[in-house]
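What follows is calculated from the coordinates using simple rules that are stated; it is not laboratory data. The structure presented is a predicted model; accordingly, all values stated were derived computationally and were not measured. Virtual Cβ from ideal backbone geometry, glycine too; neighbours counted across all protein chains shown.
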Amino acid sequence: MDDMLKEFVVEALDLATNVEEHLLSLERRPDDTNALNALFRSFHTIKGGAGFMNLPAIVSACHLTENLFDGLRTGQVPVTPTAIEAGLQASGFVADQLTQLANGAAAESLPDMPSELEDLLTAAIEGKGNVEEVLAETAEPEPVALAVEAAPAAATTASASASAMTADGLDWEALYRAVVPAGTLADAPAAKPPAAVAAAAAPAAPAAKPAAKPAAPKPASSDDVGMKPITAAVKEDSIRIDAIKLDALLEVAGESVQAANQAAVLLEKLVQFKFEGQAAALMATLQETLSRASRYSSELQRATLSTRMQPVGRLFQKFPRLVRELARDLGKEVELVIEGAETEVDRVVVDSLYDPLVHMLRNALDHGIETADERTQTTKAAKATILLKAWQEGSSVMIEISDDGKGMDPVRLRNKALSKGLINDNQALTTEESLQLIFLPGFSTKEVASSVSGRGVGMDVVKTAVEKHRGAIRIDSVLGEGTRFTIRLPIELSIVPTMLVRTSGAALALPMVAVERVVELPETFDEVGGAPVLRDQGRPLAVRSLSNILGYEPCREKVGIVIAAPHPYIVAVEAVEGTADLVIKPLTAIAVNGVNGTARSAEGELVLVVSLAFLLDGCKTTARAAA
């Protein structure tokens with residue numbers, strides 16, 4: 001793929017993604033002129049670029065869809081379910097073509113626009129509102145022919161549009177006008193006759209209006225003026241950079257900070273010696289220079305990190321259509337509510353969370369949400385609600401998916417796990433541990449697998465993906481009221497605020513997000529069930545030796561760290577050596593239970609980073625491993 005085509009594909013995919021968001025917004029608010037203008041502009045822009053790239057199928061789809069939205073925004077065509085469905089299918093077709101190009105397909109190999117899509121768009125332009133009837137008509141040739149005979153004006157539009165096509169299948173005049181700024185050509189109002197003529201075929205359009213309609217496209221110039229500042233700002237103020245280059249820059253920035261920190265430690269050791277005369281002056285200059293270098297390297301690191309930050313809204317905007325279509329297939333009424341879309345997180349997290357969130361939404365729709373009839377038999381509203389929410393909490397980003405469905409039954413989950421042989425009969429589980437069983441590979445409460453769920457894969461993938469990025473996931477569920485999944489992830493993947501500790505001579509780092517406070521440990525402890533317990537702020541907390549958990553030799557552990565887990569407890573360590581923002585390197589060659597990365601301290605010592613999920617799970621082997 002050449003550079004020009006690659007740039008077009010990237011920009012057009014962004015526009016196609018935004019189209020779905022605007023369409024679903026328009027479905028909820030048919031009078032939203034901003035959404036209509038944005039939709040028209042998106043297809044107009046994609047069509048112009050596709051013409052230059054010689055992509056006839058995309059041009060044809062965008063041209064017809066542009067006619068539809070021109071009619072919608074001028075009031076000639078009503079906002080109907082058919083119009084929304086046609087827009088969604090058109091954007092899906094365009095996105096599929098762009099994805100094929102992005103994957104290396106040749107432009108000549110792309111399929112033509114399906115006749116069913118063309119018929120659906122034509123029906124939407126004619127103002128037809130019943131999606132099922134329209135789809136049934138487009139599936140059978142004869143009804144389509146009858147519909148064309150019953151709407152001669154629409155047939156005239158189609159023939160007029162076809163006559164404008166040249167032998168190569170492209171409407172070069174329309175393409176030319178698509179890329180020329182509005183108002184440049186004297187006959188610019190005539191550039192969009194298909195929209196006006198096709199709209200005149202709508203049943204609701206008065207017969208006396210077609211003569212006055214050619215002037216209707218003129219408001220497009222004012223809309224264009226309103227949209228130009230946004231387009232110009234994007235072009236002038238932003239550039240596209242290969243993500244690999246950003247990752248390399250961040251790597252260098254992190255290493256420079258580490259080098260500056262190590263230099264600062266060495267300098268502290270040097271100043272303990274007495275320097276006189278010129279040597280003293282040189283030391284003072286060295287201190288000032290290293291201080292400045294450390295400050296600049298830290299600023300470089302922060303600036304580089306900010307380039308990787310993206311709002312989760314870029315991820316969330318893909319889900320309204322998924323929920324809408326899946327709810328329709330399942331015969332359920334569901335509204336997806338999105339909050340906190342502006343929350344920023346590392347782009348790697350944004351890219352990797354799509355599949356896990358899709359699994360969770362599909363499970364919520366299939367398992368958690370009841371049908372409208374089942375809900376009306378209770379005190380619940382017929383339409384269910386799924387909340388997708390994000391917010392920042394300290395150095396973490398929190399993502400919540402909750403529903404007001406039927407919730408999960410811990411007893412049923414345990415019995416299902418027993419029947420599948422995932423746990424043994426003697427294994428006692430708390431309510432929370434029973435809920436965690438859904439993350440076991442092969443676990444499903446469905447007796448028969450469907451196209452949506454039931455094969456026992458999905459939730460295991462969710463937990464694996466979250467823990468891969470040093471995160472943790474928690475479940476809260478009340479039978480009959482609903483379920484809430486809460487995901488905690490670090491905002492920045494490469495740099496993590498940590499508490500440095502030492503136990504059995506080994507240097508370890510605990511994520512600060514899991515640290516509540518530090519306490520001094522006594523010589524002896526009270527015991528409950530043979531396990532040591534320390535009363536902290538009036539509550540008895542279990543004390544667990546970090547050296548014993550990680551398999552080190554026993555040592556005298558004098559300091560305790562209260563872990564802010566769902567069930568708080570104390571981790572006993574030999575000493576606490578301070579805090580530090582560490583550049584984390586993931587473990588790739590080996591797997592160590594409870595450890596998910598390594599780092600270098602300011603002194604250059606290798607430090608093992610304890611997993612956040614491991615700490616929040618109580619430093620226990622997970623149910624997955626136990627099974």
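Quick one: go through the stretch 498-522 and flag any residue whose amide nitrogen is under 12 Å from the point 7 Å out along the Cα-to-Cβ line of T579.
Answer for this model: 498-500, 511-518.
Could you please rank S477, S352, placing first whichever residue has the fewest other Cβ atoms within 10 Å of its Cβ?
S352, S477
From the phi angles alone, apply the Karplus equation (6.51, -1.76, 1.60; θ = phi - 60°) to the stretch 579-585 and give each ³J(HN,Hα) in whole Hz, x where the residue is Gly or Pro.
Karplus-based 3J(HN,Hα) across the stretch 579-585 equals 10, 6, 8, 9, 8, 8, 10 Hz.
What ranking, highest mean first, results for peptides 418-426, 75-83 when packing means the other Cβ atoms within 10 Å averaged over each residue?
Per-residue Cβ counts within 10 Å, averaged per peptide and sorted highest first, yield 75-83, 418-426.
Among the GluC sites (Glu not before Pro) in the stretch 469-546, which ones are in a DSSP loop with at most 11 other Cβ atoms within 10 Å of the Cβ? Mind listing them?
For GluC sites (Glu not before Pro) across the stretch 469-546 that sit outside H, G, I, E and B with at most 11 neighbouring Cβ atoms in 10 Å, the list reads E523.
Using the number of other C-beta atoms within 10 angstrom as an exposure proxy, rank L15, L98, L479 with the fewest first.
Final ranking by Cβ density, sparse to dense: L479, L15, L98.
Arrange the following residues from fewest to most other Cβ atoms within 10 Å of their Cβ: I125, I369.
Taking fewest neighbouring Cβ atoms as first place, the list is I369, I125.
Going through the stretch 476-579, which trypsin sites (Lys or Arg not before Pro) have at most 14 other Cβ atoms within 10 Å and a DSSP loop state?
R556, K558
Could the peptides 283-289, 355-361, 306-312 be put in order, highest first, of the mean number of other beta-carbon atoms found within 10 Å of their residues?
Packing proxy ranking, top to bottom: 355-361, 306-312, 283-289.
Can you give me the long-range amide H partners of D581? Hydrogens built in the peptide plane at 1.01 Å from N, cutoff under 5 Å, separation of 5 or more residues or another chain.
Residues meeting the criterion, in which the H sits 1.01 Å from N, are T498.
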